[in-house]
1. Name the pairs: first residue in the range 63-88 and touching a residue at least 40 places away in the same chain (Cβ under 8 Å), second residue among the basic types (Lys, Arg) and surrounded by 15 or more Cβ atoms within 10 Å (Cβ to Cβ), Cβ to Cβ under 9 Å, at least 6 apart or on different chains?
2. Name the single residue that is most open to solvent (accessible area, probe 1.4 Å) among those in the range 75-93 being outside any loop (DSSP other than H, G, I, E, B) and among the aliphatic types (A, V, I, L, M).
3. Residue under question is Lys24, and the condition is that it be free of Cβ contacts under 8 Å to residues at least 40 places away in the same chain, out of contact with any Asp or Glu (no Cβ under 7 Å at 6 or more places or on another chain) and surrounded by 11 or more Cβ atoms within 10 Å (Cβ to Cβ); does it hold?
4. Of everything in the range 35-52, what is open to solvent by 100 Å² or more (accessible area, probe 1.4 Å) and under 18 Å from Ile95 (Cα atoms)? Give them in sequence order.
5. Out of Met96, Met72, Met55, I need the residue that is modelled with pLDDT under 90 and open to solvent by less than 80 Å² (accessible area, probe 1.4 Å). Which one?
Amino acid sequence: MDGSKTLTPMSPVLATANFTKDSKVVGSTGCNRYFGTYEENDGKLKLSPLGATQMMCVEDAMEIENAFNNAMEKVTDWQLAKDALVLSDTNGKPIMEFVPITP
């Protein structure tokens, strides 16, 4: 979500998030790669400020990247719902949903 607009990335512009066992988060905003760390405790999630590459992207990818970065700053909660990882804000409002990528 970006304001009242829902953005749905499609190949080749796919935003990803990989949370590793050693408390690192890495992925793609749909254009640039990002990296950081996280702390998880009983469904609460605290992300470090994220670092990222700074390549120029096609127009749609830049819009998705900006929305993605803004949303990641608001993440405080997570849950698994069916086959999706749902990241939410402090009010419990879902702000991002990740589903497994199938080849």
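The values are calculated or read from the model by the stated rules, or taken from the named source; none is laboratory data. Every value quoted in this text rests on a predicted model; they were computed, and no experiment measured them. All Cβ positions, even for glycine, are placed from backbone atoms using ideal geometry, and neighbour counts span all protein chains on display. Just the protein is used for accessible areas: all its heavy atoms, side chains included, with ligands, DNA and RNA removed. Shrake-Rupley method; radii C 1.70, N 1.55, O 1.52, S 1.80 Å.
1. Once the first residue is touching a residue at least 40 places away in the same chain (Cβ under 8 Å) and sits in the range 63-88, its partners that are among the basic types (Lys, Arg) and surrounded by 15 or more Cβ atoms within 10 Å (Cβ to Cβ) give Leu87/Lys74.
2. My answer is Leu80.
3. In short, yes.
4. Step one: filter the range 35-52 for residues open to solvent by 100 Å² or more (accessible area, probe 1.4 Å), giving 35, 39, 41-42, 44, 46, 49.
The answer is Lys44, Lys46, Pro49.
5. It is Met96.
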